[in-house]
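Here the structure comes first, spelled out in structure tokens, and everything after it is commentary.
Read the figures in this text as sums done on the coordinates, not as results from a lab. The structure presented is a predicted model; accordingly, all values stated were derived computationally and were not measured.
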Amino acid sequence: MMLNSQLELFLFLSLIVFGLAFSAYALYSHFDKSKRMKHFTTIDEPLAKKPLFVELLDKVESLFSKSDNDVADKFYAAGFYHFKYANLYIPAKFTLLIGGAAGFYFLSRHLGWEQNSGFIAIGVWVVFCLIAPDAYLNSRMKALRGKLSSQLPYLLDLLAVCVQTGMTIEAAMTYLSKEMSGFDKDLAQLLKNTNDRSRIVGLDKALDELYDQVPTNEMRSFTMTLKQSLHYGTSIYGVLTTLAADIRDVTMLSMEEKIGKLAAKMSVPLILFIMMPVVILIAAPGVMRMMSNV
């Protein structure tokens with residue numbers, strides 16, 4: 001009983017210290033960023049001095065409200081293009097965390113669980129709530145980037161055909177974004193977003209934003225090649241067809257490299273799970289005879 005109470009006190013103090021350290025680091029990062037941003041501001045008028053407590057509350061509030069745009073960008077990058085409740089992601093996440101932890105605590109008290117079992121259940125729930133949603137979004141984001149990169153050669157071929165018929169690159173992107181929405185909504189949304197941004201900030205900046213959204217080697221080759229073609233006035237049709245062929249060749253080479261590494265990766269399971277049991281089966285009868293004779 002004494003050991004359980006000491007363990008409970010240790011875990012409670014550890015959680016408090018971890019929470020305080022995380023809060024202090026977040027506040028320090030925010031203050032440091034605000035201090036560095038003052039060098040780029042041009043407003044010299046003195047602001048009204050707020051009390052320290054009110055200023056700290058404002059800083060803490062800004063830490064959570066500032067991340068709404070980041071959360072919205074993460075949902076968009078994960079394929080949720082029309083998700084309207086990104087601002088509720090963090091509050092819902094921590095509400096679920098606290099509510100679930102409280103539920104596990106009262107459930108453990110009601111069912112008579114041991115304290116260690118209750119703390120383990122609460123710890124697993126806390127880790128799950130903190131890691132699982134972001135891990136799910138990151139996995140969807142990586143899968144979507146891989147899908148877009150793998151479909152990029154087909155998009156380049158379609159763009160080349162449209163350009164060869166006399167369309168501009170912007171008109172070709174607009175046409176393909178409408179035609180591809182029926183069978184590949186991700187590529188259609190990518191083209192639509194890039195085309196909309198090109199009308200506002202220009203195609204050069206829109207291509208940079210496209211690479212920021214899908215930072216893969218294939219997309220970097222596409223954006224850099226297209227920007228150079230637009231700057232120097234070279235033929236876009238030849239550039240697009242050549243780039244599509246190059247991306248297919250690189251994809252084939254990477255696939256052959258993975259296949260070549262597969263033999264080395266399979267050697268360890270082959271030795272552990274096939275060769276070792278075979279050796280044991282061969283040597284076991286002789287060893288058993290020797291032991292029986294002794």
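Run the count for region 144-251, please: Lys pairs, Cα-Cα under 22 angstrom, 8 or more apart or on different chains. It would help to have the intermediate numbers written out before the result.
Details: 147/178; 147/185; 147/192; 178/192; 192/205; 192/227; 205/227.
Lysine pairs meeting both conditions in region 144-251 amount to 7.
I need the shape label for region 94-174. Rule: rounded when a/c is under 1.5, else prolate if a/b > b/c, else oblate, with a, b, c from the alpha carbon gyration tensor.
Details: a/c = 8.46, a/b = 4.82, b/c = 1.75.
Prolate, since a/c reaches 1.5 and a/b exceeds b/c.
Shape of region 144-251 from its Cα gyration tensor (a ≥ b ≥ c, root eigenvalues): rounded if a/c is under 1.5, otherwise prolate when a/b > b/c, or oblate?
Working: a/c = 1.14, a/b = 1.02, b/c = 1.11.
Note, shape of region 144-251 comes out rounded.
From Cα pairs below 8 angstrom and at least 6 apart in sequence, can you work out the relative contact order of region 144-251, rounded to a whole percent? Provide the component values of the computation, followed by the final result.
On the way: 96 pairs, mean separation 35.9, N = 108.
It comes to 33 percent, rounded to a whole number.
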